[in-house]
Amino acid sequence: MNADSLYDENTKLRLQLKAYVAQATENEQKFLRLNANVLRLLAANDLASLIDIILNQYRAAAQLDVVTLTLIDAEYEIRRTLNNDDFNFTNYPGLIFVDTWRGLRKWLAEDFSPLLGKCEDKQLEFFFPRYELLEPVSMAILPLMRNRKLVGSLNLGSYQESRFIKGTATSFFEQFTSVVAICTENALNQERIKQLGLIDPLTGVHNRRYFDQRLDEEINRAVRTRKPISCLFLDIDYFKKFNDEHGHQIGDRVLQEVATIIKAQMRRSDVMSRYGGEEFAAILTNTDIILATEIAERIRFIIANNKYELSKEIYSNITISVGVATLLPENNCDIEEIGRTLIAQADNALYEAKHKGRNQVVSYVIQNRKIYSNAR
């Protein structure tokens, strides 16, 4: 082999080595980015935070133009969980829910491998439905699988046609989406555990612990927005006597039915709980004394006119008394103090309703730190 040949061979080897080093450097950078994104996902302490990390932080870190997340939510569990946490859906246009796995399955590869390449019109409509003004031209559709079950898909879109090319980086995407799927399942399980601690096992409505947590939040909101907030205390009349006569099994069934009636009259923004024993409580947001009293009267009327089954073809009536307190918030007030005042006055109004003969509503208004009784 002459000198020229050796030189050419050496040059060729140097170029190959340079390419290998460049590829190794690129792979290292990919690994570091993957590791950083995984750490972000693992740091999420609830479902809402996880969604924000996926749709916002990951999009920015990976320099992606569009990221959407499709979740299968057949039982409405995910949306209900987010609603309970006051999640603002309008801030996350990339969050997509489907009611059945079939709606998502037809768009995916047969073996559930990542789907990369050019965006087709029908795919755009399904995976990027709210980006019609500036649609991505290439995409990576990454199925989310847990225990061989399809739970959703992570959908990446780019305005560059060469960003996602069929058959490239599939192992990288598969690793990342497995982490996303695990973190999503873990966040949902954490929410389920949290909810179990905040739900009354008999009636299925929230318990006092949840009510106390939400009270400060809602008063804070009322003070900030200068909107009225109302509290209802609802107590079944002569319930101890009812239990003694008919037994606790029937009494429990009546409690469940009463809870269902009260909950049906609540709006999505309201907070309702079993406060203890036969007593229920509700926080009505952005609700003045007139509307709060109307809601309380409607609940009282429905319960009083309902027939409660004691045994086959034997029914009974029950009644409730309701105390209503409405707070007209002021600036620079002590949140905990006015929370205690609101609860105390709703309780006082309930006591007055009992004292006046039961099966009625008594209302108080709290304004300028003064209490106005029976305002209508």
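Laboratory data are not the source of any read-out in this text; all were calculated from the coordinates shown. Since this is a predicted model, take the numbers as computed values, not measurements. Backbone-built Cβ (ideal geometry, glycine too); neighbour counts: all protein chains shown.
For the stretch 56-123, state the average projected area of the convex hull of the C-alpha atoms over all orientations, rounded to one decimal in nm².
On the way: hull surface 24.1 nm².
So the mean shadow area of the Cα hull is 6.0 nm².
Between Leu95 and residues 5 or more places away or on another chain, which pairs have amide H atoms under 5 Å apart, with H built 1.01 Å from N, and which residues are they?
Long-range HN contacts for Leu95: Leu69.
Determine the equivalent ellipsoid of the stretch 37-155 by diagonalising the alpha-carbon gyration tensor, then write out the semi-axes as square roots of 5 times the eigenvalues, largest first, rounded to whole Å.
Listed largest to smallest, the semi-axes of the stretch 37-155 are 21, 18, 15 Å.
What ranking do 46-59, 96-109 get when scored by the average of other Cβ atoms within 10 Å per residue, highest first?
46-59, 96-109
Express the relative contact order of the stretch 199-287 as a whole percentage, based on alpha carbon pairs under 8 Å and six or more residues apart in sequence.
So the answer I get is 46 percent.
Let me have the relative contact order for the stretch 106-205, percent, based on Cα pairs under 8 Å that are six or more residues apart.
The value is 25 percent.
Could you grab the Rg to Rh ratio for the stretch 174-223? Cα atoms only, Kirkwood for Rh.
For the stretch 174-223, the value is 1.22.
Determine by what factor the alpha-carbon radius of gyration of the stretch 206-373 differs from 2.2 N^0.38 Å, reporting the quotient.
Working it through for the stretch 206-373, the quotient is 1.05.
Taking θ = phi - 60°, what integer Hz values does the Karplus form 6.51 cos²θ - 1.76 cosθ + 1.60 yield along the stretch 60-75, in sequence order, with x for Gly and Pro?
5, 5, 8, 6, 9, 7, 9, 10, 10, 10, 9, 10, 7, 9, 4, 9
What is the distance in Å between the Cα centroid of the stretch 41-80 and that of the stretch 227-259?
If you average the Cα positions of each part, the centres end up 41 Å apart.
Sort all Cα-Cα distances of the stretch 218-312 into consecutive 5 angstrom bins from zero, then give the percent of pairs in each bin up to the one containing the longest distance.
Taking every Cα pair in the stretch 218-312, the percentages come to 2, 12, 22, 22, 16, 10, 7, 4, 2, 1, 0.
Hey, what do the phi angles of the stretch 281-287 turn into as Karplus ³J(HN,Hα) couplings, whole Hz, using 6.51/-1.76/1.60 and θ = phi - 60°, x for Gly and Pro?
These are the phi-based 3J(HN,Hα) values: 9, 9, 10, 9, 7, 6, 9 Hz.
Do you know the relative contact order of the chain, to the nearest whole percent, from alpha carbon pairs under 8 angstrom that are 6+ apart?
12
Evaluate the chain: find the radius of gyration of its Cα atoms, find its Kirkwood radius, and give the ratio Rg to Rh. Provide the component values of the computation, followed by the final result.
Values: Rg = 29.5 Å, Rh = 25.0 Å.
Result for the chain is an Rg/Rh of 1.18.
Once you list every other residue whose beta carbon is under 12 Å from the beta carbon of His206, what net charge do they have if Lys and Arg are +1 and Asp and Glu are -1?
+3
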